[in-house]
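First comes the structure, then the notes that go with it.
The values are calculated or read from the model by the stated rules, or taken from the named source; none is laboratory data. For clarity, every value in this text was computed on a predicted model and none was experimentally measured. Heads up, the Cβs are rebuilt from the backbone with ideal geometry, glycines too, and the neighbour counts pull from every protein chain shown.
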Amino acid sequence: MKRSRIKDLLNSKESGIDVVTAGWVRTRRASKGGFSFIELNDGSCLNNIQILAFNDLPNYDSEIGRLHPGASIVVEGELVQSEGSGQALEIKAAKIRVLGHADPMEYPLGKQRINLERLREIPHLRARTNSFGAVARVRDLLTFEITRFFHDRGFLYVHTPIITGSDCEGAGAMFQVTTLDPANIKKDESGQPDYSEDFFGQRAALTVSGQLEGETYACALGNIYTFGPTFRAENSNTRRHLSEFWMVEPEMAFADLSDDADLAQDFLQHLFNAVLTHCKSDLEFFNKRIKPGLIERLERLAQATFARISYTDAIEMLIDSDQGFEFDPHWGMDMQSEHERYLAEEIFKGPVVVTDYPKDIKAFYMRRNDDGRTVAAMDVLLPEVGEIIGGSQREERLDHLIDAMRASNLDPKNYTEYLDLRRYGSVPHAGFGLGFERLVQFCTGMHNIRDVIPYPRAPKRL
Ligand code: ATP
Ligand code: MN
């Protein structure tokens, strides 16, 4: 007989049928009548299925009566209407095979609750808990829905490289990739490592964004997106930063900043609706145990039009507010998380798209506005998470782009390919980057970004 998943069994309309299922014991409770209730979970859904194991099972005394949380078993039996409350169906076991015991003195996920910090120490086991199982299922669903959203709208999925040679993509500090022996590095005349000896014959690093390569495909194929691992070697020990995370980066040809903001709103709302529809019981769990009000908030944001405001107006609102900020708001500053959150949580009480930032705090490739001091950039801010999306209309005018590179001390010679897009058939185009883990954080209500990725990488943590 084939193994049924617990999710399918719990949703089954039939009872009285013979089934086989397998999973890990969450709890076992011995009853006075000489039988055990086993709560079994296989990761297919949040809920456990209850197994009724009577003491006439041949291995009851030797094995079943000694089952502890964490043990793995295969159960054959009859799916029956449950007499107890709390579940509709349960399995009356005819046979239980123990695949692996778990020593209750050593298994870290026993009956007692353990906190999320402690679970970070055991990433290889934490997926067996309710919280991390639910996070993994929401992550999976969001991945699928991202692909679906873009596919349905004719965006091509482009795989941009992870190892890159352009050492100033402008987005952040990079991790170097090298096969040089660090104990024995040959230096050139200027005292720099001689990268001609290195694997690629030049300096290489892990990507901080797929955007520049994404643009080349958008300027040939129209609408594209990338979705892949992204690396930032910044020493940001916050609950919103990882050293390795996943980024979704759509890029549209023949599009301006307002098209970009429209896409960002449609995209986020599609994803909010998708988790609400397809991850109901996981969301109910988060709503109850992690973040009260989560479902109500997702429902509201899935409908509400996102507010749009210019950076200049936003700064004015921050200055006029009587909130005491750690950093005093003023025009020209990079907004801190406290400002972003105040705008989203207190002023707009929902998502807000801030546009047209000062050129000096944004990357060289963002399109210069006519006022000469701002660029066509946008950030989408969400309550609690702050910035979830950063995007812009790209500078498509060759002379402006070269000026902007020089102003950022970048040598146009290193960007020949990027400039070629402006030399040959240049078109207006725009795109954004969404931090996938920040999205998962927002959809689950998990407080720390390290708890929404299976193996978090952060400074001094590998
Ligand atoms: P922040 O100001 O929040 O550090 P950023 O402005 O440096 O982010 P961008 O270069 O605009 O980030 O990257 C696009 C998106 O990628 C961000 O809006 C955010 O959602 C996500 N992101 C950026 N850095 C990180 C990180 N270290 N960990 C997780 N997600 C990140
Ligand atoms: Mn940004």
Seminar exercise, completed: Given (1) buried (at least 17 other Cβ atoms within 10 Å of the Cβ); (2) modelled with pLDDT under 90; (3) within 16 Å of ligand 2 (Cβ to nearest atom), Gly172 misses just (1)
Exercise. Out of all the residues in segment 226-272, which are outside any loop (DSSP other than H, G, I, E, B), over 23 Å from Val385 (Cα atoms) and touching a Gly at 6+ places or on another chain (Cβ under 8 Å)?
Worked result: Glu251, Met252, Ala253
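Determine whether Leu401 is surrounded by 15 or more Cβ atoms within 10 Å (Cβ to Cβ), more than 19 Å from Leu142 (Cβ to Cβ) and among the hydrophobic types (A, V, I, L, M, F, W, C).
On the way: surrounded by 15 or more Cβ atoms within 10 Å (Cβ to Cβ): yes; more than 19 Å from Leu142 (Cβ to Cβ): yes; among the hydrophobic types (A, V, I, L, M, F, W, C): yes.
For Leu401, the condition - surrounded by 15 or more Cβ atoms within 10 Å (Cβ to Cβ), more than 19 Å from Leu142 (Cβ to Cβ) and among the hydrophobic types (A, V, I, L, M, F, W, C) - is met.
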For this session: Output the qualifying pairs, or none if there are none: Cβ atoms under 9 angstrom, residues six or more apart or on different chains, first residue in segment 190-214 and in a helix (DSSP H, G or I), second residue of a type in the set (A, V, I, L, M, F, W, C) and surrounded by fewer than 19 Cβ atoms within 10 Å (Cβ to Cβ).
Result: Tyr195/Leu180; Glu197/Leu180; Glu197/Ile185; Gln211/Ala171
Seminar exercise, completed: Of those in segment 241-278 that are closer than 25 Å to Thr305 by Cα and within 14 Å of ligand 2 (Cβ to nearest atom), the residue nearest to the chain's Cα centre (by Cα) is Met247
For this session: For segment 371-383, enumerate the residues that are surrounded by fewer than 19 Cβ atoms within 10 Å (Cβ to Cβ) and either near ligand 1 (Cβ under 8 Å from one of its atoms) or charged (D, E, K, R) (or both).
Result: Asp371, Arg373
Exercise. Within the group Leu52, Leu99, Leu109, which residue is outside any loop (DSSP other than H, G, I, E, B), over 20 Å from Ser31 (Cα atoms) and touching a residue at least 40 places away in the same chain (Cβ under 8 Å)?
Worked result: Leu99
Seminar exercise, completed: Matching residues in segment 314-336 (surrounded by 13 or more Cβ atoms within 10 Å (Cβ to Cβ) and assigned to a helix (DSSP H, G or I)) number 5
Exercise. Quick one: in segment 406-454, which of the residues that are surrounded by fewer than 17 Cβ atoms within 10 Å (Cβ to Cβ), within 16 Å of ligand 1 (Cβ to nearest atom) and over 12 Å from the mean Cα position of the chain (by Cα) is farthest from Ala253 (Cα to Cα)?
Worked result: His447
For this session: Say whether the condition of being surrounded by 14 or more Cβ atoms within 10 Å (Cβ to Cβ) and among the hydroxyl-bearing types (Ser, Thr, Tyr) is met by at least one residue in segment 85-100.
Result: no
For this session: Could you tell me which of the residues Thr207, Thr164, Thr179, Thr216 is of a type in the set (Val, Ile, Thr), surrounded by 12 or more Cβ atoms within 10 Å (Cβ to Cβ) and more than 16 Å from ligand 1 (Cβ to nearest atom)?
Result: Thr216
Exercise. Do you know which residues across segment 153-206 are under 21 Å from the mean Cα position of the chain (by Cα) and over 30 Å from Asp334 (Cα atoms)?
Worked result: Phe155, Leu156, Tyr157, Val158, His159
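For (1) farther than 25 Å from Thr305 by Cβ; (2) surrounded by fewer than 23 Cβ atoms within 10 Å (Cβ to Cβ); (3) of a type in the set (Ser, Thr, Tyr), each residue gets a yes or a no:
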{"site": "Gly350", "(1), (2), (3)": "no, yes, no"}
{"site": "Tyr357", "(1), (2), (3)": "no, no, yes"}
{"site": "Asn369", "(1), (2), (3)": "no, yes, no"}
{"site": "Ile388", "(1), (2), (3)": "no, no, no"}
{"site": "Glu395", "(1), (2), (3)": "yes, no, no"}
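So which residues in segment 273-313 are hydrophobic (A, V, I, L, M, F, W, C), closer than 20 Å to Leu343 by Cα and in a helix (DSSP H, G or I), if there are any at all? Talk me through it step by step, then tell me what you get.
Narrowing segment 273-313 to residues hydrophobic (A, V, I, L, M, F, W, C): 274-276, 279, 283, 285-286, 290, 294-295, 298, 301-302, 304, 306-307, 309.
When the remaining residues are screened for being closer than 20 Å to Leu343 by Cα, the result is 294, 298, 301-302, 304, 306-307, 309.
Answer for segment 273-313, where residues must be hydrophobic (A, V, I, L, M, F, W, C), closer than 20 Å to Leu343 by Cα and in a helix (DSSP H, G or I): Leu294, Leu298, Leu301, Ala302.
Hey, any hits in segment 444-461 for a residue that's assigned to a strand (DSSP E or B) and either at pLDDT 95 or above or within 16 Å of ligand 2 (Cβ to nearest atom) (or both)? Quick ask: steps written out before the conclusion?
Residues of segment 444-461 that are assigned to a strand (DSSP E or B), as a first pass: 458, 461.
Imposing the further condition that a residue be either at pLDDT 95 or above or within 16 Å of ligand 2 (Cβ to nearest atom) (or both) reduces the set to 458.
Within segment 444-461, one or more residues are assigned to a strand (DSSP E or B) and either at pLDDT 95 or above or within 16 Å of ligand 2 (Cβ to nearest atom) (or both).
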